[in-house]
Amino acid sequence: MSEADSAKSSYPWRMEDLVSLCARRGFIFPSSEIYGGLNGFWDYGPLGVELKNNLKARWWQRVVRERDDVEGLDSSIICHPRTWEASGHVEHFSDPMVDCRACKKRFRADQLDDAGPCPAREGTSRHDFTEVRHFNLMLKTYIGASEDAAALAYLRAETCQSIFTDFRRVKDSSRQKIPFGIAQIGKAFRNEINPRNFTFRSREFEQAELEFFIHPTEREKWFAHWLEERQRFHHGLGFRADRLRVRPHRPEELAHYAKAAADIEFLFPFGWQEIEGVHDRGDWDLRRHTEYSGKDLSITDEETKEHYTPMVIETSVGIDRTALAVLVNGYEEQPLPEGETRTLLRLHPALSPIKVAVLPLSKKLAEPAQKLALELRRRFSTFYDESGNIGRRYRRQDEVGTPFCVTYDFESDTDGKVTIRERDAMTQDRVPLEGVQAYLRDRLEVGL
Ligand code: GAP
């Protein structure tokens, strides 16, 4: 089966419908929408920010909190411009591009199949392309009052460079020894020529990166360790097994300093695409920053007295791409017996923006239902809804991925119980009011 066919058979719905759900329900919508949007920039609304925060919290928990050999960092977005000379970005971080002389549009030279017909040429719909040129993807800004070359700075193109420049400070302050890692989540910016596929290729996005510093003899061992860890993480997000794969880089794809690299790929409706890269970066970064800053970033092993520059295994995942994969993976349009369609987001409960919705069967039951919602809110992200018929209220929660709905009905006052409905199987349990917290906790925290 071709890649396009397997994507089509895996997703029997239209991407536009998910994009529309995301806007309508406040997950993701274009930035500056009232001005017509800004290509490659997206805003996360009330539900989107919760989803993204849940994803980031899970990454931080796994990569930083649960380990004693990884430290966290939150560095500035703009760093010294020499950083980007040392990293090679000023010289090499570019995409090949061509312009069409007729319609004036710009395209990536390696993606011309997607260019479509030229709207400005009569008699032929073919573009009139210029020669290929290289276009640096770093976004520029100026620091201070003047806008000359001395004030030029860059919005970071990846979050990891500050991990290298801060390596000694973090190592010494945390008293870590090799092997250990530094992790960071933050914004990165790339002036992509063709932002596309919803948030998949954006100009502003978030990365969660780990740089793990090791002895040169342990490269293979740690590369294998982190590749496995990171696959475990993605499987734990609830991705369907047939939508996740690892693609090792071919030797000719490897950066000149890299010994090994593999992409963790997800099958999107638009094909297999990278969501995370795991790279053996060798000692390239620490050596380059030593050279450009004049500050020695090598270490001496206290026990063996061996002096060396640590090697680095990197894991770099896009938060927006993973959030998109989570949405795409969870989206379903289920035909119901009554002829209706149920739109469902089958999200892992740990990622769901709302964990529980409290729904009184009638507005007359608002007072005790609100009291219950208030209690639950202290512990879980809780939504209270008393408007519309109960079936419609369930549907509203299904399409944003709320795993549980608690219904307070006319019997609740007398039997002291509520009905808890589960999103995917739509099963219902009658649970005593004092047991609701424990019921939810047992089911929401399973597999965490
Ligand atoms: N430090 C290594 C690095 O930045 P990368 O493969 O360029 O490697 C890592 O980026 C991850 O960042 C990618 O796997 C992807 O998930 C995310 N990413 C990269 N460019 C992106 C873009 N334009 N929009 C959204 N996410 C992007």
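The values are calculated or read from the model by the stated rules, or taken from the named source; none is laboratory data. Just so you know, these numbers come straight off a predicted model, no measurement behind them. Cβ: placed from backbone, ideal geometry, glycine included. Neighbour counts: every protein chain shown.
The table below gives the values:
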{"quantity": "Residues within the range 60-77 that are within 16 Å of the ligand (Cβ to nearest atom) and part of a helix (DSSP H, G or I), tallied", "calculated": "1"}
{"quantity": "Residues that are over 29 Å from ARG24 (Cβ atoms), surrounded by fewer than 16 Cβ atoms within 10 Å (Cβ to Cβ) and not β-branched (Val, Ile, Thr), drawn from the range 381-436", "calculated": "PHE410, GLU411, ASP413, ASP415, GLY416, ASP429, ARG430, PRO432, GLU434, GLY435"}
{"quantity": "Enumeration of residues in the range 298-320 that are of a type outside the set (A, V, I, L, M), within 21 Å of ARG230 (Cβ to Cβ) and either more than 10 Å from the ligand (Cβ to nearest atom) or not in a strand (DSSP E or B) (or both)", "calculated": "PRO310, ASP320"}
{"quantity": "Search result, residues across the range 30-59 that are under 13 Å from the mean Cα position of the chain (by Cα) and assigned to a helix (DSSP H, G or I)", "calculated": "GLY48, VAL49, GLU50, LEU51, LYS52, ASN53, ASN54, LEU55, LYS56, ALA57, ARG58, TRP59"}
{"quantity": "Helices (runs of 4 or more DSSP H) contained in the range 349-439 and holding at least 1 residues free of Cβ contacts under 8 Å to residues at least 60 places away in the same chain and in contact with a Cys (Cβ under 8 Å, 6 or more places away or on another chain)", "calculated": "390-398"}
{"quantity": "Subset of the range 158-189 (residues that are within 14 Å of the ligand (Cβ to nearest atom), touching a strand residue (DSSP E or B) at 6+ places or on another chain (Cβ under 6 Å) and of a type in the set (A, V, I, L, M, F, W, C))", "calculated": "CYS160, ILE163, ILE182, ALA183, ILE185, ALA188, PHE189"}
{"quantity": "Number of the exception - PRO251 against (1) farther than 21 Å from ILE214 by Cα; (2) within 14 Å of the ligand (Cβ to nearest atom); (3) not charged (D, E, K, R)", "calculated": "(2)"}
{"quantity": "Residue list for the range 263-274, filter: more than 11 Å from the ligand (Cβ to nearest atom) and either assigned to a strand (DSSP E or B) or of a type in the set (A, V, I, L, M, F, W, C) (or both)", "calculated": "LEU267, PHE268, PHE270, GLY271, TRP272"}
{"quantity": "Subset tally (residues that are without any contact (Cβ under 8 Å) to a residue 12 or more places away in the chain and among the basic types (Lys, Arg)) for the range 136-191", "calculated": "2"}
{"quantity": "From the options GLU192, GLU122, residue that is of a type in the set (D, E, K, R) and away from the ligand (no atom under 16 Å from the Cβ)", "calculated": "GLU122"}
{"quantity": "Subset of the range 236-252 (residues that are among the basic types (Lys, Arg) and not in a strand (DSSP E or B))", "calculated": "ARG240, ARG243, ARG250"}
{"quantity": "Test: residue in the range 196-215 that is modelled with pLDDT under 95 and either on the phi < 0 side of the Ramachandran plot or within 14 Å of the ligand (Cβ to nearest atom) (or both)", "calculated": "yes"}
{"quantity": "Unique residue being modelled with pLDDT of 95 or more, surrounded by fewer than 19 Cβ atoms within 10 Å (Cβ to Cβ) and under 13 Å from THR322 (Cα atoms) when the list is HIS235, HIS249", "calculated": "HIS235"}
{"quantity": "PHE93 being in contact (Cβ under 8 Å) with a residue 40 or more places away in the chain, in contact with a Leu (Cβ under 6 Å, 6 or more places away or on another chain) and over 20 Å from ILE319 (Cβ atoms)", "calculated": "yes"}
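This table checks each residue for (1) surrounded by 17 or more Cβ atoms within 10 Å (Cβ to Cβ); (2) near the ligand (Cβ under 10 Å from one of its atoms); (3) in contact (Cβ under 8 Å) with a residue 12 or more places away in the chain; (4) part of a loop (DSSP other than H, G, I, E, B).
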{"position": "ALA261", "(1), (2), (3), (4)": "yes, yes, yes, no"}
{"position": "GLU276", "(1), (2), (3), (4)": "yes, yes, yes, no"}
{"position": "HIS279", "(1), (2), (3), (4)": "yes, yes, yes, no"}
{"position": "ASP285", "(1), (2), (3), (4)": "yes, yes, yes, no"}
{"position": "THR290", "(1), (2), (3), (4)": "yes, no, yes, no"}
{"position": "ASP296", "(1), (2), (3), (4)": "no, no, no, yes"}
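Conditions (1) out of contact with any Asp or Glu (no Cβ under 9 Å at 6 or more places or on another chain); (2) aliphatic (A, V, I, L, M); (3) surrounded by 15 or more Cβ atoms within 10 Å (Cβ to Cβ); (4) in a strand (DSSP E or B), marked per residue:
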position	(1), (2), (3), (4)
GLU91	no, no, no, no
LYS104	yes, no, no, no
PRO117	yes, no, no, no
GLU122	yes, no, no, no
ARG126	yes, no, no, no
THR141	yes, no, no, yes
SER146	yes, no, no, no
TYR154	yes, no, yes, yes
